[in-house]
Amino acid sequence: MDLQLSDKTALISGSHRGTGAVIARALSAEGASVILHSDLEGACDALAEELDADAVWGNLSSDEGCDLVLQQLHRIGEVDILINNAGMSGNSTFADAPFEDLAAEIQVMITAVTELAHLVVPGMKERRYGRIVNLSSLAAFMPPAESLLYTGIKSYVLNVSQALDMELRPYGINVTALCPGFTRSE
């Protein structure tokens, strides 16, 4: 498979393990320069060494962590491919969850997804090339259930991906929502 990615740079959030690490390895194998992201400093070091990749860190569940990631990205340069993979899910009912937990889930899976896309789109428009893949879920197509905010958040990710794709396609930017089923992950 020749994806011609040798001149492209890809940022993968949540790439130190699981689905993100698999995507990072696949993009690297196709020749892309990879920027790995983890919420913990040093968590991507082994994979970064394996892939000869850059690494950024910052906990996307806080404004400060998002700002830290954005500062590091500004120093690295342009991003041609963005994989919004970082995620989390609550494990208690809405009424029983501390609001801080709900806010963190929204921050990681809505605000950070939107903010990272907003950061990279101007450069993509200028270069008339870009790929954004947002990790949604089959849950986006299901009626809400007792899974806290998850189905609503994944519906947002699906819908914003579709809207951005329509808006940005004339600029050579494709936006996709990846909707896997249940996936065992750390």
- Item | Meets criteria (under 24 Å from W57 (Cβ atoms), aliphatic (A, V, I, L, M), open to solvent by less than 80 Å² (accessible area, probe 1.4 Å) and in a loop (DSSP other than H, G, I, E, B)) for M124 | no
- Conditions (1) in contact with an Asp or Glu (Cβ under 9 Å, 6 or more places away or on another chain); (2) surrounded by 15 or more Cβ atoms within 10 Å (Cβ to Cβ) -> L102 fails only (1)
- Do we find that L119 is touching a Cys at 6+ places or on another chain (Cβ under 7 Å) and not charged (D, E, K, R) in this structure? no
- Is one or more of the residues making up the range 57-66 without any contact (Cβ under 8 Å) to a residue 12 or more places away in the chain and out of contact with any Lys or Arg (no Cβ under 9 Å at 6 or more places or on another chain)? yes
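Could you list, in sequence order, the residues of the range 8-22 that are assigned to a loop (DSSP other than H, G, I, E, B) and either open to solvent by less than 30 Å² (accessible area, probe 1.4 Å) or touching an Asp or Glu at 6+ places or on another chain (Cβ under 8 Å) (or both)?
Taking the range 8-22 first, the residues assigned to a loop (DSSP other than H, G, I, E, B) are 8, 13-17.
If the condition is that a residue be assigned to a loop (DSSP other than H, G, I, E, B) and either open to solvent by less than 30 Å² (accessible area, probe 1.4 Å) or touching an Asp or Glu at 6+ places or on another chain (Cβ under 8 Å) (or both), then K8, S13, G14, S15, R17 are the ones that fit.
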- Task: Could you please find all residues in the range 79-97 being modelled with pLDDT under 90 and of a type outside the set (G, A, S)?
- Result: M88, N91, T93, F94, D96
- Item | Hits in the range 40-69 (condition: open to solvent by less than 60 Å² (accessible area, probe 1.4 Å) and assigned to a loop (DSSP other than H, G, I, E, B)) | G42, A43, C44, A53, G58, L60, S61, S62
- Item | Residue match in the range 89-107 (condition: under 24 Å from G181 (Cβ atoms), under 17 Å from the mean Cα position of the chain (by Cα) and not in a helix (DSSP H, G or I)) | yes
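Being assigned to a helix (DSSP H, G or I) and crowded, with 20+ Cβ neighbours inside 10 Å is the requirement here; does V79 meet it?
Numbers: assigned to a helix (DSSP H, G or I): no; crowded, with 20+ Cβ neighbours inside 10 Å: yes.
No.
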- Query: Which residues, counting only those in the range 149-177, are under 22 Å from G123 (Cβ atoms) and either at pLDDT below 95 or part of a strand (DSSP E or B) (or both)?
  - Reply: I173, N174, V175, T176, A177
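The values are calculated or read from the model by the stated rules, or taken from the named source; none is laboratory data. All values reported here derive from a predicted model rather than from experimental measurement. With ideal geometry, Cβ positions are generated from the backbone for all residues, glycine too; neighbour counts draw on all protein chains shown. We work out accessible area using only protein heavy atoms, side chains counted, and drop any ligands, DNA or RNA first. Shrake-Rupley method; radii C 1.70, N 1.55, O 1.52, S 1.80 Å.
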